[in-house]
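Novice: Just dropping this structure here.
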Amino acid sequence: MAAAMPLALLVLLLLGRRGWCLAEPPRDSLREELVITPLPSGDVAATFQFRTRWDSELQREGDTDHYFLRYAVLPREVVCTENLTPWKKLLPCSSKAGLSVLLKADRLFHTSYHSQAVHIRPVCRNARCTSISWELRQTLSVVFDAFITGQGKKDWSLFRMFSRTLTEPCPLASESRVYVDITNYNQDNETLEVNPPPTTTYQDVILGTRKIYAIYDLLDTAMINNSRNLNIQLKWKRPPENEAPPVPFLHAQRYVSGYGLQKGELSTLLYNTHPYRAFPVLLLDTVPWYLRLYVHTLTITSKGKENKPSYIHYQPAQDRLQPHLLEMLIQLPANSVTKVSIQFERALLKWTEYTPDPNHGFYVSPSVLSALVPSVVAAKPVDWEESPLFNSLFPVSDGSNYFVRLYTEPLLVNLPTPDFSMPYNVICLTCTVVAVCYGSFYNLLTRTFHIEEPRTGGLAKRLANLIRRARGVPPL
Amino acid sequence: RPRLSPPVRRPDARTPGLGLRPAVLSYVAGIAWFLALVFPPLTQRTYMSENAMGSTMVEEQFAGGDRARAFARDFAAHRKKSGALPVAWLERTMRSVGLEVYTQSFSRKLPFPDETHERYMVSGTNVYGILRAPRAASTESLVLTVPCGSDSTNSQAVGLLLALAAHFRGQIYWAKDIIFLVTEHDLLGTEAWLEAYHDVNVTGMQSSPLQGRAGAIQAALALELSSDVVTSLDVAVEGLNGQLPNLDLLNLFQTFCQKGGLLCTLQGKLQPQDWTSLDGPLQGLQTLLLMVLRQASGRPHGSHGLFLRYRVEALTLRGINSFRQYKYDLVAVGKALEGMFRKLNHLLERLHQSFFLYLLPALSRFVSIGLYMPAAGFLLLVLGLKISSLHEAEVGVEEPGGAPGPSVPLPPSQGVGLASLVAPLLISQAMGLALYVLPVLGQHVATQHFPVAEAEAVVLTLLAIYAAGLALPHNTHRPLSCRVVSTQAPDRGWMALKLVALIYLALQLGCIVLTNFSLGFLLATTMVPAAALAKPHGPRTLYAALLVLTSPAATLLGSLLLWRELQEAPLSLAEGWQLFLAALAQGVLEHHTYGALLFPLLSLGLYPCWLLFWNVLFWK
């Protein structure tokens, strides 16, 4: 990238001001898509993705220096419409047309899962990366709960989910599609029926399993014109049984063990349910400084035996400055549960450092697991620009495994908390008053008073005194 | 030269009258203060301190009475068929109402067979379902638990739990996960689940690790129901080792009792309406005494008691079906539970605003710690007065200056007086240790040599060692103490021993009163007078009788009789004795299974201390 900078300067010089003015103003290109995945439990997951790209004069300055990389996490964020409204305003069509008409707050927040994200990154425009575009990608995933919103029924339609239907594509969009997962859960016959019947389907390997998607293209004029609106309906031909959902190969759980307000233990359980393949996992933990970790108590066990991580990076915390950072590469044996545990002591905070609701507890951010999980079905390498957006959520490095990043649940830890009630305030106030009174009294009692001799004055006074002495009058 | 002023005469501390009068006054004041606790200036109305639960209104919509009854019938049928907890049926049903279901198996070999519950090698399975809150990331949770014993009670509670789960699952307002827990072998299952949830092993329980968790538990409610209709709901607050839940949780229960028009009782007693006349306070005194006895026992009175160790505020609600006319169905109970859960769901912080230490003379009245503590303080003051008067007496013997005392020059044997105390102290502590260790350890030896069962062996060994303690010490101190002390000051030996014993007792009672007021107060009331009076002169038989009557074991027997008397089911002495034997076995068992501290406290702390006074009494 260091070479690209002078080259860009050269181009700038050659073209001059006129060259830039003559160039076609970069047109925002929007791709939007909605992926609907009916789950065997009867719940429906819907994932919106909006990607905007624009060319910009803002250049990337060299390679990313890893020294300046920062990782920050806010363990708690209560989602509400305040998160959604500004997010929607970033969309080119706002919520006027296209897929974004479905984004109605009162439906989206009546779901059992809600995840909303904004990603922004520079993208190379050509192979040598001489110029870049910026990409803004907004994603929103919700899971509609069959028990809550569906009143127990498992059939779905766009209207029932969002209380809206699709009418027209966003005029700015270069691509606007709805994908519906119609993979046969049972091998023998179709379990799911989609209405209207899809014109095209798309097959791919997602998270290591083969998936079939029905595609509805909003830019395809026939799609809307037939009925003036598009209301996709899902019908279960054979209602799925109430069975435990299939377990993913990698999942994790985190909890605080122990009781009392002095000590505790952070435990992370890493499950590898793959029947015969072991794979490594990169575990990243940031723990606030007020949980003082005892690093010597770090134990990693799988299948009853000690598991030695092949790489450990530990950065101890500094009080009030930085949290603990613990990063480990752990090999998870096939079909095993690995327990990573580390003991901690709860620190006493200064009384001004407590949050306004200290008895709620303090949040500890989730651990982050990054792994290449072996897949069941080999995937073929894909062209990222051609494939749907959701594909790039699960990038495949080679055919045999796929990349997964998991976040465990955040934890709530109680710290020893003083009783911040009225007696406490009274004690604080009395102590202050007593301290002030005592201080001034002590000052008065221990101070020794003595009269200071007036300093012999300036030249004029000395002269005057000289004269007075000569006259026989007492000096000034 | 004539004296200008009369010589200062120090009051002789050894004259009984002067030392005794303030002590008697203080003791009487302590008892009177305790009795006065039930009168309105000292007992106050309860009030909700937690803002998050106070002002907000909730509307209960639970209407699944039929569903609950159907679930209960199915559960009872499946249970009868399988003879144990129908785990598969529970899993299936919980999954069908939309919960995330997990099971946990556990096993525990009790130290000796439990005869009241008829169990020894216990193994069972807990089933729990988690309702994931749509509004939060599983950081906090509430628990509704139903303990199932070996008999087929509590199936209505399971039915109501399932119906409530189905109703709760359809709502979107949950901000905390709700865990619906059905435990087998009642409290043993609860203990196993709690230990596994917090990943600790306190009692040597063997259990499989939990697969699903839901963050920090904020509050828990335990439910016990054995009939389709109830006449009243009884609430139990006393937990393991006398721990109590935050008073706000009880206030919450009371709020919904009033709102739903339910008849709610505390200790099985209705609350008196009229506090101005004498009747109300007298009735309150009964409830208060029942609470003191229950709290002093240190047993978990319901499965909520085990939650308190983990700082989870918890209550047990018991449906009572008596012969009253007006009955409530499961919908009324369900609505109360729904309301409580919805308000707990509003909590922003853990329950911490209200009192953790209180006494309850009625459901809507409480006595705060600041007001009941003086009662124990006065009792402990008796010991303090005795200690200071004894100390003065000792000093008076040693330094005969000032008062016209015996001016015999003392031989330089200051240290020998203390050395003579070592033997009785060691022996009594060893007796305590034997009392703690031997019954469980030696049960197999006992069963081999005597025709008794293990549980009987434990109880009888316990009693035998206890009685042997009475015979041992006063025979053993003689060779040591007589030789040294008796020559110069015959009183010094026992006075030193009594001084040590009094300090020991005062320290122990002081600590107990701070952690479990009821136990401390009960022990202080019984042990203090005998301890203050014990001396090797005067009517020894009377003192001995008094001392035996106030020994820890006799206190236990007396408490049991008083307990049944207050419950209006008085016992004959023989029945009382049977109950006493059962209580001894239960006490030892609860120490081993739940970690109750009463047994080690009595055997390692108070019994040796009491033996010291026995020793003083028979000092020669």
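Novice: Evaluate segment B:383-394: report whether one residue or more is closer than 24 Å to residue B:149 by Cβ and of a type in the set (Val, Ile, Thr).
Specialist: No, segment B:383-394 contains no residue that is closer than 24 Å to residue B:149 by Cβ and of a type in the set (Val, Ile, Thr).
Novice: If I ask for residues that are without any contact (Cβ under 8 Å) to a residue 40 or more places away in the chain and out of contact with any helix residue (DSSP H, G or I) (no Cβ under 7 Å at 6 or more places or on another chain), which ones from segment B:576-611 would you list?
Specialist: B:577, B:578
Novice: If you don't mind, there's one more thing I want to ask. Mind listing whichever residues of segment A:348-366 are more than 14 Å from chain B (Cβ to nearest Cβ) and surrounded by 15 or more Cβ atoms within 10 Å (Cβ to Cβ)?
Specialist: Selection gives A:349 alone.
Novice: Which of the helices (runs of 4 or more DSSP H) contained wholly in segment B:3-88 include at least 3 residues that are surrounded by 12 or more Cβ atoms within 10 Å (Cβ to Cβ) and modelled with pLDDT of 90 or more?
Specialist: Output list reads B:16-36, B:65-82.
Novice: Here's something else I'd like to know. Based on this model, can you work out whether residue B:365 counts as buried (at least 23 other Cβ atoms within 10 Å of the Cβ), within 14 Å of another protein chain (Cβ to nearest Cβ) and closer than 30 Å to residue B:316 by Cβ?
Specialist: no
Novice: Kindly indicate the residue of segment A:245-257 that is surrounded by fewer than 19 Cβ atoms within 10 Å (Cβ to Cβ) and at pLDDT 90 or above and also nearest to the other protein chains (Cβ to nearest Cβ) among those meeting that condition.
Specialist: A:257
Novice: Report yes if residue B:228 is more than 23 Å from residue B:335 (Cα to Cα) and either within 14 Å of another protein chain (Cβ to nearest Cβ) or in contact with a helix residue (DSSP H, G or I) (Cβ under 7 Å, 6 or more places away or on another chain) (or both), otherwise no.
Specialist: no
Novice: Restricting to segment B:201-225, and then to whatever is among the hydroxyl-bearing types (Ser, Thr, Tyr) and part of a loop (DSSP other than H, G, I, E, B), can you tell me which residue is farthest from the other protein chains (Cβ to nearest Cβ)?
Specialist: Only one residue fits best here, namely B:203.
Novice: In addition: Six or more apart or on different chains, Cβ atoms under 6 Å: show the pairs whose first residue is in segment B:186-200 and at the interface with chain A (Cβ under 9 Å from one of its Cβ atoms) and farther than 19 Å from residue B:141 by Cα and whose second is surrounded by fewer than 24 Cβ atoms within 10 Å (Cβ to Cβ) and of a type in the set (Phe, Trp, Tyr).
Specialist: Hits for this filter: zero, empty list.
Novice: Taking the residues in segment B:271-307 that are farther than 18 Å from residue B:364 by Cβ and in contact with a strand residue (DSSP E or B) (Cβ under 6 Å, 6 or more places away or on another chain) as candidates, determine which candidate is surrounded by the fewest Cβ atoms within 10 Å (Cβ to Cβ).
Specialist: Out of the qualifying residues, it is B:301.
Novice: Which residues, taken from segment B:576-609, are within 22 Å of residue B:195 (Cα to Cα) and part of a helix (DSSP H, G or I)?
Specialist: B:586, B:587, B:588, B:589, B:590, B:591, B:592, B:593, B:594, B:598, B:599, B:600
Novice: Taking segment B:34-66, which residues are under 27 Å from residue B:97 (Cβ atoms) and charged (D, E, K, R)?
Specialist: Hits for segment B:34-66 are B:59, B:60, B:66.
Novice: For segment A:196-244, name all the residues that are modelled with pLDDT of 80 or more and closer than 30 Å to residue B:212 by Cβ.
Specialist: A:211, A:234 - these are the residues of segment A:196-244 that are modelled with pLDDT of 80 or more and closer than 30 Å to residue B:212 by Cβ.
Novice: Residues being buried (at least 19 other Cβ atoms within 10 Å of the Cβ) and within 8 Å of chain A (Cβ to nearest Cβ): count how many of those fall in segment B:90-100.
Specialist: Number satisfying all stated conditions: 1.
Novice: I'd like the residue in segment A:267-316 that is closer than 15 Å to residue A:343 by Cβ and hydrophobic (A, V, I, L, M, F, W, C) and, out of all such residues, is surrounded by the most Cβ atoms within 10 Å (Cβ to Cβ).
Specialist: A:291
Novice: If you scan segment A:367-410, which residues turn out to be modelled with pLDDT under 70 and hydroxyl-bearing (Ser, Thr, Tyr)?
Specialist: Across segment A:367-410, the qualifying residues are A:387, A:392, A:397.
Novice: Can I ask one more? Could you list, in sequence order, all residues of segment B:65-89 that are touching a residue at least 24 places away in the same chain (Cβ under 8 Å) and within 14 Å of chain A (Cβ to nearest Cβ)?
Specialist: Across segment B:65-89, the qualifying residue is only B:67.
Novice: Could you tell me whether residue A:260 is farther than 18 Å from residue A:345 by Cα, free of Cβ contacts under 8 Å to residues at least 24 places away in the same chain and within 14 Å of another protein chain (Cβ to nearest Cβ)?
Specialist: In short, no.
Novice: So which residues in segment B:132-153 are at the interface with another protein chain (Cβ under 10 Å from one of its Cβ atoms) and either assigned to a loop (DSSP other than H, G, I, E, B) or on the phi > 0 side of the Ramachandran plot (or both)?
Specialist: Across segment B:132-153, the qualifying residues are B:132, B:133, B:134, B:135, B:136, B:137, B:138, B:139.
Novice: Among the residues of segment B:280-339, count how many are in a loop (DSSP other than H, G, I, E, B) and within 14 Å of chain A (Cβ to nearest Cβ).
Specialist: Qualifying residue count, segment B:280-339: 2.
Novice: What number goes with the only condition from (1) surrounded by fewer than 20 Cβ atoms within 10 Å (Cβ to Cβ); (2) in contact with a Leu (Cβ under 9 Å, 6 or more places away or on another chain); (3) farther than 17 Å from residue B:114 by Cβ; (4) at pLDDT 90 or above that residue B:576 does not pass?
Specialist: The number of the failed condition is (4).
Novice: Could you please find all residues in segment A:113-126 being touching a Ser or Thr at 6+ places or on another chain (Cβ under 6 Å) and more than 14 Å from chain B (Cβ to nearest Cβ)?
Specialist: A:117, A:123, A:125
Novice: Still on this structure: Would you pick out the residues in segment A:65-113 that are of a type in the set (Lys, Arg) and either out of contact with any strand residue (DSSP E or B) (no Cβ under 8 Å at 6 or more places or on another chain) or not assigned by the TED database to the domain that holds residue A:52 (or both)?
Specialist: Result: A:70, A:88, A:89, A:96, A:104, A:107.
Novice: List every residue pair whose Cβ atoms lie under 9 Å apart, where the two residues are 6 or more positions apart in sequence or sit on different chains, the first residue falls within segment A:88-112 and is over 30 Å from residue A:42 (Cβ atoms) and within 14 Å of chain B (Cβ to nearest Cβ), and the second residue, located anywhere, is modelled with pLDDT of 85 or more and outside any helix (DSSP H, G or I).
Specialist: Hits for this filter: zero, empty list.
Novice: Working carefully through the options A:162, A:147, find the one that is out of contact with any Pro (no Cβ under 7 Å at 6 or more places or on another chain), over 20 Å from residue A:29 (Cβ atoms) and within 14 Å of chain B (Cβ to nearest Cβ).
Specialist: A:147
Novice: Further, regarding this structure: Going by the conditions given, is residue B:157 over 21 Å from residue B:82 (Cβ atoms), assigned to a helix (DSSP H, G or I) and more than 14 Å from every other protein chain (Cβ to nearest Cβ)?
Specialist: For residue B:157, the condition - over 21 Å from residue B:82 (Cβ atoms), assigned to a helix (DSSP H, G or I) and more than 14 Å from every other protein chain (Cβ to nearest Cβ) - is not met.
The values are calculated or read from the model by the stated rules, or taken from the named source; none is laboratory data. All figures in this text were calculated on a predicted structure; none of them were measured in a lab. Positions of Cβ are backbone-derived with ideal geometry, glycine not excepted, and every protein chain shown enters the neighbour counts.
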